[in-house]
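Data first, discussion second: the structure below is written as structure tokens.
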Amino acid sequence: MRVAWLFALVLLAPQLAWAQQYSADRYATTNAAAGTDDATAAVRRYRDQLASSGYYETSDARNMLPYGPTETDAYRRAAQADAHAGLGDYSHRKCVACHEQSAANLHTIRANNTCRQCHGPEPIASVTHYFSRLNPVRRHAYVCAKCHEGAGASFASYVVHEPLPSSSEARMAFPALFYSDRLMFWLIVGVFLIFIPHSVGWWIREWFVKKKPEV
Amino acid sequence: MDTAPRIRRFGVLDRLTHVLLILTFMVLTVTGTGRMYFATDWGQAILDLFGGYDSATLIHIWAGWLMTGGFLFHIAVVLFRLDWRHLGRSLFGPDSLVPTWRDFKEFGQRIAWFFGLAKLPRFERWNYWEKFDYWAVFWGVPLLFISGLMLIYPVETSRLLPGWVLNVALLFHRAEAVLAVTYIIIVHLLIGHFRRSTFPLNEVMFSGSVSVEEAGEEKSDWINRLKRENRLEQLSARAPATLYRVLYFIFGYAVIALGLYLLIAGGYYSQFINIH
């Protein structure tokens with residue numbers, strides 16, 4: 001049994017240790033080959049490790065506070081050039097195996113888009129990462145405009161992976177959607193709260209009328 | 001043929017506008033339901049009737065334009081009919097559909113009547129229920145038209161407004177459509193036609209006229225006012241021809257059956273939708 005554990009550790013440990021460096025190296029070689037590598041080390045450090053607010057060079061990384069080991073991992077991944085670096089058995093899995101709810105959007109279901117049509121081939125950088133084609137600075141040109149000709153940065157702020165409008169997640173991330181949903185919900189509830197009992201009462205009551213009202 | 005004296009309630013223009021509204025509303029409902037239930041077999045079957053998702057969308061858009069056209073036409077007609085010299089009386093008088101304090105009182109009186117606590121209100125020409133139905137179109141059509149227009153032209157819209165407004169527009173479009181369709185089916189169709197006094201069909205919106213006796217039961221204050229002003233004769237109308245009656249009975253029941261089917265099937269299949 002102990003041997004099996006040791007074997008597992010040997011298999012896993014180098015992968016975890018090297019993965020981050022591996023993806024960074026991949027970009028470094030590509031950039032160096034293309035001759036586009038930046039001269040300043042500070043910018044390179046920024047590009048490799050930090051999430052971008054979309055206005056790189058002027059304002060930068062978001063202040064990300066992890067609350068626990070799971071969040072730490074998620075936040076660390078949100079800042080990576082290869083968001084899936086070091087994940088075991090990654091190449092044999094489908095996106096929806098982990099991102100199950102992400103496929104429940106109109107682009108996937110109605111337009112029959114695949115994940116890769118927007119998120120691109122491997123390595124998939126985090127959406128806010130400098131490298132990402134979905135970074136807000138270039139999303140409209142690199143992704144949206146492939147189908148929506150003439151799309152600008154404003155157009156790209158359409159939320160494809162929309163949170164459930166009634167959820168607390170929407171309240172935090174998309175308040176306009178959340179409160180619009182509440183407004184329409186209470187409008188519908190209000191209309192039916194008045195008119196269903198009114199209709200049923202009317203319907204029942206008419207059967208008990210014996211005399212016709214006087215004219 | 002029925003020879004009882006009849007009174008005209010709706011002119012040809014209003015009845016035609018209403019038929020246009022029914023037709024565009026049902027086309028929009030069916031194509032919109034197909035689009036909303038895209039992920040289910042039922043939605044696919046509906047869309048297949050219109051030649052698939054894309055052509056159903058195109059029909060939905062054109063029916064929307066037609067409905068908006070009818071709405072604008074009706075507004076033009078109303079503006080033309082208004083008595084601009086006596087605007088106050090024209091807007092708030094008994095022949096107007098503008099809600100007044102009287103409507104709230106009559107609503108309360110009707111609720112009391114359910115429990116035998118009050119007499120049935122003596123309604124004027126339009127009662128509160130009809131006024132609500134009428135004005136619901138006035139908030140529904142502009143909301144659906146504007147949000148629909150934004151969704152037809154998303155790139156152009158995003159130049160004027162931030163792109164995330166499209167998420168909100170879609171939510172409003174869908175929620176308002178669900179409200180309108182369920183209200184029309186449950187309240188307007190079922191209670192409008194299947195009450196004791198209107199069963200088997202409330203014919204007035206198709207025939208345009210109603211017998212004076214029947215109008216006197218439902219809207220006694222209106223008939224009394226007309227008698228007092230000696231205008232009852234002016235508004236007398238002929239009974240609808242039998243063939244015409246057969247036609248609108250078939251049409252009316254087809255729409256009611258379609259509405260009921262959409263309501264029940266839509267309720268059932270809504271559990272299989274997973275889009276947000």
Under 12 Å, Cβ to Cβ, from residue B:143 - net charge with Lys/Arg +1 and Asp/Glu -1: 0
Under the rule that an exposed site lies in a DSSP loop and has at most 14 other Cβ atoms within 10 Å, name the longest stretch of chain B with no GluC sites (Glu not before Pro) of that kind, not counting the sites themselves. B:1-228
When B:225, B:85, B:9 are ordered from fewest to most other Cβ atoms inside 10 Å of their Cβ, what list results? B:85, B:225, B:9
What's the extension gain from residue A:4 to residue A:100 if we count 0.36 nm per residue and subtract their Cα-Cα distance? 31.4 nm
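Using only alpha carbon positions, build the gyration tensor of segment B:134-232, then give the equivalent ellipsoid semi-axes as the square roots of 5 times its eigenvalues, largest first, whole angstrom. Before the final figure, lay out the partial values.
Values: eigenvalues 363, 54, 18 Å².
The three semi-axes for segment B:134-232 are 43, 16, 9 Å.
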Considering the dipole of segment A:113-215 built from charges on the beta carbon (Lys and Arg +1, Asp and Glu -1) around the Cα centre, which of A:120, A:178, A:135 is farthest to its positive end? A:178
Taking only the alpha carbons of segment B:1-128, what extent do you get along each of the three principal axes, in Å, biggest first? 52, 43, 40
Work out the mean other chain Cβ neighbour count within 10 Å for the residues of B:95-108 and drop it here as an integer. 0
Helix axis angle, B:242-269 relative to chain B longest principal axis, alpha carbon, degrees: 40
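Loop-only chymotrypsin sites (Phe, Trp or Tyr not before Pro) in segment B:15-112, please: DSSP not H, G, I, E or B, and at most 13 other Cβ atoms within 10 Å.
On the way: sites: B:25, B:37, B:38, B:42, B:50, B:53, B:62, B:65, B:71, B:73, B:80, B:84, B:92, B:101, B:104, B:107; in loops: B:37, B:38, B:50, B:84.
Qualifying residues, ordered by number: B:84.
Based on other C-beta atoms within 10 Å, arrange A:6, B:226, B:260 from fewest to most. Walk me through the numbers before you get to the answer.
Values: A:6 10, B:226 19, B:260 14.
So the ranking, lowest neighbour count to highest, is A:6, B:260, B:226.
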In whole Å, how far is the Cα centre of segment B:93-124 from that of segment B:211-266? 20
For the pairs B:105/B:227; B:119/B:219; A:94/A:146; B:131/B:219, note any where the Cα-Cα span goes beyond 19 Å. B:105/B:227; A:94/A:146
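Kindly give Rg over Rh for segment A:86-178, based on alpha-carbon atoms, with the Kirkwood expression for the hydrodynamic radius.
Rg/Rh for segment A:86-178 comes to 0.97.
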Please report the base-10 log of the normalised intensity I(q)/I(0) for chain B, using a Debye sum with one equal scatterer per alpha carbon and no solvent, at each q in 0.07, 0.09, 0.13 (1/Å). -0.32, -0.52, -1.03
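Taking neighbour counts of Cβ atoms within 10 Å as a proxy for exposure, in what order, fewest first, do A:116, B:245 appear?
On the way: A:116 11, B:245 15.
Listed from fewest to most nearby Cβ atoms, that is A:116, B:245.
Since every read-out is calculated from the coordinates, none of them should be taken as a lab result. Note that this is a predicted model, so its numbers are computed, not measured. Positions of Cβ are generated from backbone atoms using ideal geometry, with glycine treated the same way; all protein chains shown enter the neighbour counts.
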